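Below is one structure, written out as structure tokens; the observations come after it.
The values are calculated or read from the model by the stated rules, or taken from the named source; none is laboratory data. Note that the coordinates shown come from a computational prediction; the quantities given were computed from them, not determined experimentally. For neighbour counting, all protein chains shown are included, and Cβ atoms are generated from backbone atoms with ideal geometry for every residue, glycine included. Only protein heavy atoms, including side chains, enter the accessible area calculation; ligands, DNA and RNA are left aside. Shrake-Rupley method; radii C 1.70, N 1.55, O 1.52, S 1.80 Å.
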Amino acid sequence: MPKLRRSEWYDLARDLNWNLSYVTEEEAFPEEMSNHYGITPNERWWGWDEPYKVSYREYVHNQHGKDAAVYSVNSVVARSRMFEELDPGWKSAIIAHYGAIALPEYIAGIGESRMGRFGRAAAWRNMALFGTLDETRHGQIQTYFPYTLLDKEPRMDWAHKALHTNEWGAIAARHLFDDMFTANDAVSTAIQLTFTFETGFTNLQFLGMAADAMEVGDLDFGALISSIQTDESRHAQQGEPTVKILVENGRADLAQKLVDHMFWRSWHIFALLTGLSMDYYTPLEHRSHSFKEFMEEWIIKQFLDQFRDFGLEPSWYWDSHFVPELDWYHHALHLGVWFWRPTVWWNPDAGVSPAEREWLEEKYPGWNDTFGVYWDTIAENIRNGAEEKTLPETFPIVCNMCQIPVVTPAGYRAGKLDSPLPHLLVHEGRQYVFCSEPCKWIFEQNPARFAGHTSVVDRFLGGEIQPPTIPGALAWMGLSPEEMGQDATNYAWAHEGREAPGAAAS
Amino acid sequence: MTATTQPKMVGPVLRGADAEMAEAIIEAIEIDNPDREVRVDDQRGYIRVSCPERCRLTRQTLAEVLDRDLDIAEVEPALSAFAGRMQMTDDEIVWYLERKD
């Protein structure tokens, strides 16, 4: 049977645009769902044209092949001893990944389906339909894979559980994802989810970690996440045509603001998730690059080139705040997550044995003087049998934007901040605390959107968490004693090279 | 923000788990970009293939390398990411950047 070339029928089949006569445009595309940002009527969006095309037939064929390949790896690996033999730190990285990512993939499907209905051009709605199916696949596959590991690691349960709890990292993830896709209009979702988050940041976790996975020998995880990314790189292309329409209609300012807002938020969540996994949890001998090197490859080179090509510019905070944080922010978060380890669902790997410290010093010159000294004291306490001194009795201050603990004192000590103090703002009688100027700036751009949210510490102090003790808060977070994080290697690192503690220090 | 003077590199980031397709795409890109340097950075989990400023992959060359007919859409399962922007037609994929500064 002769087959038409795709280009001979594609536009005709795709561009089902028409002028509405039975309802008004506002009724069919309400502002909360589909803000036109002054670009109206809808015809002005009809030139939306995705650079990366796929027909439904091709889509089904490709997706079937992708799933068949990945599930066959999973079923082979399930019968092997591969998982048992993985490094404990690496296991922590993938337990953290599944908890933070699996359910949000389903939630991303809500954002995609909103664009699939309320995108203002048929071509866009068509791409978003594929995006919806993609995200459904990612939710299913990333709950199924950990499910197959449940008999070996009960905390794989958090792939499904985490987002339904009040664990602080889960609150941070929910706050971000509600801002980006659950409670966002179609235009902003295209710029913030598909362009900023997916074109920019997901590569770090899904390809950077795939490189590490292949080094570690975790074929299951490596095959899975790199396959997911082949969907992302297609549906992420909803960003470019949306930016183009905004720029052509004189709204480059809006595109820029949406990027500035979500770039910073994405940076903070990936510093927490990917930063710790790459620089502390991945076994030293299998690290392909440092987190900073991956950031330079994927964000500072690749993503910056892409968004500059659309006429956008690096955000106002790029040189002053973002670049300096690359040297200290995730190291500070790691220290905090390890110290507050009972509050997370994975086992944080300290990752500071003498050899690992040497690597950290090489990748982040000055690390020993700025962060190593904290670990010297912690290691000494462990060796002296004073584990209780390495565990929390109170909670840290949490940022009212990113919902991640405020770690400014470490940034100040590293010489990257002018003050160790958090940033404060009083808005309608309530005081808000922020970890950084960009987090405060995001809040100030749209206070009504964020003002009502209470951080985990606000809830603790407000009496919502009873009893108001550490055990009370842990129970409120959904963590049973068996689930609470412990040091991943039972402090082996603190005893290694004991004869010369801190030998690598300058 | 200062612009770099080096040419910007663009091109596909291939999924390392599919070796046959990845190798075929690399070979095809080398044939399809005769006047450009083609860099291959193999990170196992992903393989970054790049050319300065513009990188082309044609359906015909890839079909010849694989020794079978294929649609350009069949590249997708191997395409994890890409540097630059992308334009896809029935016969080719081009990765490129326009901004000069």
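Does A:V352 satisfy the condition of being within 15 Å of A:P392 (Cα to Cα), open to solvent by less than 30 Å² (accessible area, probe 1.4 Å) and modelled with pLDDT of 95 or more? So A:V352 does not fit the description; no. Restricting A:A255, A:A213 to residues that are of a type in the set (A, V, I, L, M), open to solvent by less than 10 Å² (accessible area, probe 1.4 Å) and facing another protein chain (nearest Cβ under 10 Å) narrows the list to A:A213.
Tallying residues that are in contact with a Leu (Cβ under 6 Å, 6 or more places away or on another chain) and either open to solvent by 30 Å² or more (accessible area, probe 1.4 Å) or farther than 22 Å from A:Y59 by Cβ (or both) within the range B:83-100 yields 1. Please verify whether the range A:9-18 includes one or more residues that are more than 24 Å from A:F177 (Cβ to Cβ), hydroxyl-bearing (S, T, Y) and in contact (Cβ under 8 Å) with a residue 12 or more places away in the chain. Yes, some residue in the range A:9-18 is more than 24 Å from A:F177 (Cβ to Cβ), hydroxyl-bearing (S, T, Y) and in contact (Cβ under 8 Å) with a residue 12 or more places away in the chain.
Annotation for the range A:216-235: no member residue is assigned to a loop (DSSP other than H, G, I, E, B) and within 22 Å of A:A123 (Cβ to Cβ).
When the range A:363-373 is filtered for residues that are open to solvent by less than 10 Å² (accessible area, probe 1.4 Å), part of a helix (DSSP H, G or I), in contact with a His (Cβ under 9 Å, 6 or more places away or on another chain) and touching a residue at least 40 places away in the same chain (Cβ under 8 Å), only A:F371 remains. Looking only at residues of the range A:374-401 that are open to solvent by less than 70 Å² (accessible area, probe 1.4 Å) and either touching a Lys or Arg at 6+ places or on another chain (Cβ under 6 Å) or among the basic types (K, R) (or both), we find that the one that is farthest from A:V456 (Cα to Cα) is A:R383. Filtered by the rule that a residue be within 14 Å of chain B (Cβ to nearest Cβ) and assigned to a loop (DSSP other than H, G, I, E, B), the range A:3-24 gives A:K3, A:L4, A:R5.
The numbered conditions (1) within 14 Å of another protein chain (Cβ to nearest Cβ); (2) β-branched (V, I, T); (3) over 21 Å from A:A186 (Cβ atoms) are all true for A:V243 except (3). When A:A108, A:A93, A:A100 are checked against the criterion of being within 24 Å of A:I171 (Cα to Cα), touching a His at 6+ places or on another chain (Cβ under 9 Å) and not in a loop (DSSP other than H, G, I, E, B), a single residue qualifies: A:A108.
Residues in the range A:25-52 that are of a type in the set (F, W, Y) and more than 14 Å from chain B (Cβ to nearest Cβ): A:F29, A:Y37, A:W45, A:W46, A:W48. Scanning the range A:181-203 for residues that are closer than 20 Å to A:I245 by Cα and of a type in the set (A, V, I, L, M, F, W, C) gives A:A186, A:V187, A:A190, A:I191, A:L193, A:F195, A:F197. If you check A:A332 against the conditions, is it open to solvent by less than 10 Å² (accessible area, probe 1.4 Å), part of a helix (DSSP H, G or I) and either in contact with a His (Cβ under 6 Å, 6 or more places away or on another chain) or farther than 21 Å from A:Q445 by Cα (or both)? Spelling it out, A:A332 is indeed open to solvent by less than 10 Å² (accessible area, probe 1.4 Å), part of a helix (DSSP H, G or I) and either in contact with a His (Cβ under 6 Å, 6 or more places away or on another chain) or farther than 21 Å from A:Q445 by Cα (or both). Is it true that A:S288 is of a type in the set (S, T, Y), closer than 28 Å to A:E85 by Cα, touching a residue at least 24 places away in the same chain (Cβ under 8 Å) and open to solvent by 10 Å² or more (accessible area, probe 1.4 Å)? So A:S288 fits the description; yes. Pairing each residue of the range A:307-322 that is free of Cβ contacts under 8 Å to residues at least 60 places away in the same chain and of a type outside the set (K, R) with any residue that is in a loop (DSSP other than H, G, I, E, B) and open to solvent by 50 Å² or more (accessible area, probe 1.4 Å), provided the two are 6+ apart or on different chains, yields C-beta distances under 7 Å for A:D309/B:E98; A:D309/B:R99; A:P314/B:M1; A:W318/B:M1; A:D319/B:M1. Of A:N62, A:N42, A:N74, A:N19, all but one fail to be open to solvent by 30 Å² or more (accessible area, probe 1.4 Å) and in contact with a helix residue (DSSP H, G or I) (Cβ under 8 Å, 6 or more places away or on another chain); the exception is A:N19. For first residues located in the range A:166-179 and closer than 20 Å to A:Q466 by Cβ, partners that are among the hydroxyl-bearing types (S, T, Y) and lie 6+ apart or on another chain with Cβ distances below 8 Å form the pairs A:E167/A:T343; A:W168/A:T343; A:I171/A:S455.
Out of all the residues in the range A:84-98, is one or more away from every other protein chain (no Cβ under 13 Å), more than 30 Å from B:P12 (Cα to Cα), open to solvent by less than 10 Å² (accessible area, probe 1.4 Å) and out of contact with any Gly (no Cβ under 6 Å at 6 or more places or on another chain)? Checking the range A:84-98: at least one residue is away from every other protein chain (no Cβ under 13 Å), more than 30 Å from B:P12 (Cα to Cα), open to solvent by less than 10 Å² (accessible area, probe 1.4 Å) and out of contact with any Gly (no Cβ under 6 Å at 6 or more places or on another chain).
Counting only residues that are open to solvent by 10 Å² or more (accessible area, probe 1.4 Å) and assigned to a helix (DSSP H, G or I), which one in the range A:307-322 is farthest from the other protein chains (Cβ to nearest Cβ)? Ranking the qualifying residues of the range A:307-322, first place goes to A:H321. If I filter the range A:470-481 for residues that are open to solvent by 40 Å² or more (accessible area, probe 1.4 Å), in a loop (DSSP other than H, G, I, E, B) and not hydroxyl-bearing (S, T, Y), do I get at least one hit? Yes: one or more hits. Scanning the range A:25-39 for residues that are exposed (fewer than 14 other Cβ atoms within 10 Å of the Cβ) and assigned to a helix (DSSP H, G or I) yields a total of 2.
Taking the criterion of being on the phi < 0 side of the Ramachandran plot and within 12 Å of chain A (Cβ to nearest Cβ), the residues of the range B:5-14 that qualify are B:Q6, B:P7, B:K8, B:M9, B:V10, B:P12, B:V13, B:L14. Selection over the range A:163-180 of residues that are among the aliphatic types (A, V, I, L, M) and under 29 Å from A:I245 (Cβ atoms) gives a count of 2.
Go through the residues of the range A:57-67 one by one and say whether even a single one is in contact with a strand residue (DSSP E or B) (Cβ under 7 Å, 6 or more places away or on another chain) and within 14 Å of chain B (Cβ to nearest Cβ). Checking the range A:57-67: not a single residue is in contact with a strand residue (DSSP E or B) (Cβ under 7 Å, 6 or more places away or on another chain) and within 14 Å of chain B (Cβ to nearest Cβ).
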